[in-house]
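Quick note: the coordinates plus some simple rules give every number you see, no bench work behind them. Note that the coordinates shown come from a computational prediction; the quantities given were computed from them, not determined experimentally. Here the Cβ positions follow ideal geometry from the backbone for every residue, glycine too, while neighbour counts run over all protein chains shown.
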Amino acid sequence: MAQTANKLIALPGGTFGIDASLMAPEDHRYIEMVTPTFLIEHPKGLVLFDTGYSWRMAEDLHAYMEEMSKLAAIVNHRPFTRDLVVDEQLRRHGYDPAKVGFVVVSHGHYDHAGAVSLFPHAQLFAIAGEMRYAAWPDARHVKLGFKSSEIAATRGLNWNEPEHDHDLFGDGAVLILKTPGHTPGECSLRVRLRNETVMLTGDTLHLRMQIRTLKGMGGDYDPRQAADSVKRVVEMAKAESARIWVNHDPDDWAEYPHQLE
Ligand SMILES: [Zn+2]
């Protein structure tokens, strides 16, 4: 039977500043991107989409970024404090992090998978191959977004690695969409709520403007695949009259209500 999730809550995370032309050559703004996470209440459990930055980053940004020195040279982090880490954000909203039953990771980059180890009791989901790549990326991607030591340390957790789209509860409410290209196993999430459907993009899209351009971004693992995935998300949203929430886009963060039902 078709079901809906009860609630979707957008939780604040950190920020990073970046020259938009690195993502879209025609965009020359300096943008403060956001790194939120999303909690979904479904009758069968609590689902977290992405985990945001690690608490280790709050402790010592410089030491944390050392492993990703190529990235550190192009990204400008605002101070990231312990209260912004996802477990504290969950508590602030009245949720016990230990009660999160399912964690879906859009991909293995540090701004999405950084706090996975805070959920040792949850069922973790990533598209097959993504976390392996994150732990042992091609040389061109070493030091560029994958905190490989941290990913490798989560190997013993409860990872589930679907090869294709995966309907989390078998009722269509929370659908993991395989949208590769930014990384080998990037995924997005379609969430059906009572009043609307929301597409959470992870990094399948980085900026709202890609809904119009239908292009991937510079630095994608596979640019052709990435553009196909952008199209897939946009077309599905159109077909379902869904809201596309581009996770990193500061305008989406500023304009969209942070609780949807
Ligand atoms: Zn990202």
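For (1) without any contact (Cβ under 8 Å) to a residue 24 or more places away in the chain; (2) closer than 17 Å to residue 128 by Cβ, each residue gets a yes or a no:
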position: 148; (1), (2): no, no
position: 151; (1), (2): no, yes
position: 156; (1), (2): yes, no
position: 159; (1), (2): no, yes
position: 181; (1), (2): no, yes
position: 187; (1), (2): no, yes
position: 198; (1), (2): no, no
position: 213; (1), (2): no, no
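Does residue 53 count as among the hydroxyl-bearing types (Ser, Thr, Tyr), in contact with a Gly (Cβ under 6 Å, 6 or more places away or on another chain) and touching a residue at least 12 places away in the same chain (Cβ under 8 Å)?
Numbers: among the hydroxyl-bearing types (Ser, Thr, Tyr): yes; in contact with a Gly (Cβ under 6 Å, 6 or more places away or on another chain): yes; touching a residue at least 12 places away in the same chain (Cβ under 8 Å): yes.
Yes.
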Among the residues of the stretch 112-129, the number that are more than 14 Å from the ligand (Cβ to nearest atom) and in a helix (DSSP H, G or I) is 3
Residues in the stretch 219-238 that are outside any helix (DSSP H, G or I) and in contact (Cβ under 8 Å) with a residue 40 or more places away in the chain: how many?
3
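Yes/no matrix, rows are residues, columns are (1) within 16 Å of the ligand (Cβ to nearest atom); (2) within 18 Å of residue 246 (Cβ to Cβ); (3) not polar (S, T, N, Q):
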site	(1), (2), (3)
167	no, no, yes
182	yes, yes, yes
190	no, yes, yes
203	yes, yes, yes
208	yes, yes, yes
212	no, yes, yes
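Mind checking whether some residue in the stretch 79-102 is within 16 Å of residue 184 (Cα to Cα) and in contact (Cβ under 8 Å) with a residue 40 or more places away in the chain? Steps first, answer last, please.
Pass one, the stretch 79-102, residues within 16 Å of residue 184 (Cα to Cα): none.
Checked the stretch 79-102: no residue is within 16 Å of residue 184 (Cα to Cα) and in contact (Cβ under 8 Å) with a residue 40 or more places away in the chain.
Specify the residue that is farthest from residue 227 (Cα to Cα); the eligible residues are those in the stretch 11-64 that are among the charged types (D, E, K, R) and within 19 Å of the chain's Cα centre (by Cα). I'd like the intermediate steps shown before the answer.
Kept after step one, since they are among the charged types (D, E, K, R), are these residues of the stretch 11-64: 19, 26-27, 29, 32, 41, 44, 50, 56, 59-60.
After this cut, where a residue has to be within 19 Å of the chain's Cα centre (by Cα) as well, the list is 32, 41, 50, 56.
Numbers: 32: 23, 41: 31, 50: 22, 56: 33 Å.
Out of the qualifying residues, it is 56.
Tell me, which strands (runs of 3 or more DSSP E) lie completely within the stretch 1-111 with 2 or more residues that are surrounded by fewer than 22 Cβ atoms within 10 Å (Cβ to Cβ) and not aliphatic (A, V, I, L, M)? Don't jump to the end; show me each part of the working.
Values: elements: 7-19, 30-42, 45-49, 100-104.
Once the strands (runs of 3 or more DSSP E) in the stretch 1-111 are filtered for at least 2 residues that are surrounded by fewer than 22 Cβ atoms within 10 Å (Cβ to Cβ) and not aliphatic (A, V, I, L, M), what remains is 7-19, 30-42.
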Based on this model, can you work out whether residue 183 counts as over 26 Å from residue 259 (Cα atoms), β-branched (Val, Ile, Thr) and not in a helix (DSSP H, G or I)?
yes
So in the stretch 157-197, with the set limited to residues that are out of contact with any Pro (no Cβ under 9 Å at 6 or more places or on another chain) and of a type in the set (Gly, Ala, Ser), which one is nearest to residue 127 (Cα to Cα)?
185
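Please count how many residues of the stretch 169-180 are away from the ligand (no atom under 14 Å from the Cβ), assigned to a loop (DSSP other than H, G, I, E, B) and under 18 Å from residue 239 (Cα atoms).
Taking the stretch 169-180 first, the residues away from the ligand (no atom under 14 Å from the Cβ) are 169-178, 180.
Now restrict to residues that are assigned to a loop (DSSP other than H, G, I, E, B): 169-173, 180.
Right, trim to under 18 Å from residue 239 (Cα atoms) and you get 172-173.
So the answer is 2.
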Scan (1) closer than 29 Å to residue 32 by Cα; (2) of a type outside the set (Phe, Trp, Tyr); (3) surrounded by fewer than 16 Cβ atoms within 10 Å (Cβ to Cβ) for the single condition residue 189 breaks and write down its number.
(3)
Condition set in a helix (DSSP H, G or I) and within 16 Å of the ligand (Cβ to nearest atom), scope the stretch 130-147, selection surrounded by the most Cβ atoms within 10 Å (Cβ to Cβ): answer is 134
